[in-house]
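The values are calculated or read from the model by the stated rules, or taken from the named source; none is laboratory data. The structure displayed is predicted, hence computed values, not measured ones. Virtual Cβ from ideal backbone geometry, glycine too; neighbours counted across all protein chains shown. Each accessible area value is taken on the protein alone, full model and side chains, heavy atoms only, with ligands, DNA and RNA left out. Shrake-Rupley method; radii C 1.70, N 1.55, O 1.52, S 1.80 Å.
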Amino acid sequence: PPPTDGLKTVLISCQRSGIQPCRCLCSSDLNEPFRECRAPHPTPCAGISELQERTLIAVKPDGVQRRLVGDVIQRFEKRGFKLVGLKLLQATEGILAEHYHELRRKPFYHDLLQYMTSGPVVAMVWEGYNVVKTSRAMVGETNPAEAKPGTVRGDFSVHVSRNVVHASDSVETAQREISLWFRSNELISWDCCDHKVMYEP
């Protein structure tokens, strides 16, 4: 329990979106060194694993043909996410069959595979706090007619069959998709110079 008798809180230090744990520092004398108080906090802080969350973003053949790759990358960089993997490739039916495994019984499945093999794809892995959920919001609804202006699909797409970009829909799905599209040695762990500005107190 937190100390109470004769003590007063002189500083509360909590980085809600960073890597430091919550702590309140209490002392009965402003000249005394601060000491940690393990009082419960209603909102847990982000840990290292949350900062290193990763997601797969893929610019589909229509996006590559329309030269939108730079626009997509720019949006994720400006948001503050870190690029840790990038490749231009001609997707094979084998990779796509695994990627779209859950859609294999849909009537549009074969048209989807044909479209995704019609030209090169740019696959990317982005890293950062809450990157999966945030990326989905940045990309917009699957149907561009329902996507809000300011999202990738809301700005660049008009039809659901040509919706420019793919984004993993959950952390678990992201892990599976990343392992499908990238070998481990194709992903680069590196220190970004703006990390302290964005995450640390």
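Where strands (runs of 3 or more DSSP E) fall entirely within segment 9-95, those with at least 3 residues that are modelled with pLDDT of 50 or more and not aliphatic (A, V, I, L, M) are at 82-89.
Among the residues examined, Arg183 qualifies as open to solvent by 90 Å² or more (accessible area, probe 1.4 Å) and farther than 22 Å from Gly80 by Cα.
For (1) touching a Leu at 6+ places or on another chain (Cβ under 6 Å); (2) at pLDDT below 95; (3) crowded, with 16+ Cβ neighbours inside 10 Å; (4) basic (Lys, Arg), each residue gets a yes or a no:
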{"site": "Glu127", "(1), (2), (3), (4)": "no, no, yes, no"}
{"site": "Val131", "(1), (2), (3), (4)": "no, no, yes, no"}
{"site": "Thr134", "(1), (2), (3), (4)": "no, no, yes, no"}
{"site": "Met138", "(1), (2), (3), (4)": "no, no, yes, no"}
{"site": "Glu146", "(1), (2), (3), (4)": "no, no, no, no"}
{"site": "Thr151", "(1), (2), (3), (4)": "no, no, yes, no"}
{"site": "Gly154", "(1), (2), (3), (4)": "no, no, yes, no"}
{"site": "Val160", "(1), (2), (3), (4)": "no, yes, no, no"}
{"site": "His166", "(1), (2), (3), (4)": "no, no, yes, no"}
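For segment 186-201, give me each residue that is among the acidic types (Asp, Glu) and open to solvent by less than 100 Å² (accessible area, probe 1.4 Å). Correct list: Glu186, Asp194, Glu200.
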